[in-house]
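To start, the structure itself, in structure tokens.
No value in this document is a laboratory result; all are computed from the given coordinates. Note that the coordinates shown come from a computational prediction; the quantities given were computed from them, not determined experimentally. Counting neighbours? That spans all protein chains shown, and the Cβs are built from the backbone with ideal geometry, glycine included.
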Amino acid sequence: MEQKKHPISESNVLGFLTVAMEFCTLVERVTALSLFAFVDGSIKVLPLLYSKATLLPSLETEDDDSAPEQTVTEEMYETARSGIAALLGEFDSFLETFHPDMPYSDTPIAAFISESLADVYQDIGNFIGLFSHDNNKVATEAVAVCKTNFREYWGQRLLNALKALHAIRYNEENDLETYDIE
């Protein structure tokens with residue numbers, strides 16, 4: 001009789017984990033990258049991360065009131081955010097079109113790529129940290145929390161940042177080659 005595979009060992013979960021690790025590595029190496037390398041790498045990995053997140057299975061978790069362990073500290077978040085902000089410089093801000101107050105605002109609402117990507121990094125880093133435990137219950141919880149957070153929060157943040165990064169990368173006026181390219 002064939003043994004049923006645990007949902008966390010499904011190819012969709014493992015595929016997401018692979019891309020999640022690639023994204024986190026990109027963010028954690030931001031200070032070693034040129035502007036072009038970071039922007040180009042981001043516009044390649046972010047669509048994959050989004051796509052893989054949509055394929056995560058819906059998993060049931062035990063109703064336990066304890067919050068999952070947070071492996072990305074405030075210091076790690078701030079290091080990621082400030083590193084991205086420093087690298088992007090003048091390109092960091094963009095107009096936020098999906099802010100809930102936007103329909104009622106007389107002035108544009110600014111957002112920051114660095115903050116959006118740091119928010120994604122925080123959830124993805126926490127997912128990786130939890131998933132790396134050799135414990136099916138904890139890994140299942142990591143997948144469930146990640147999918148919920150994707151749907152409710154970081155999926156939209158990722159798309160907003162990707163749209164702004166696309167404009168930076170493919171705007172001929174920006175000529176990223178004039179910046180410190182590897």
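VAL45: net charge of surrounding residues, Cβ under 14 Å, Lys/Arg +1, Asp/Glu -1, itself excluded?
Net local charge, VAL45 excluded: +1.
Where Lys and Arg each count +1 and Asp and Glu each count -1, what net charge lies around LEU165 among other residues with Cβ under 11 Å from its Cβ?
+1
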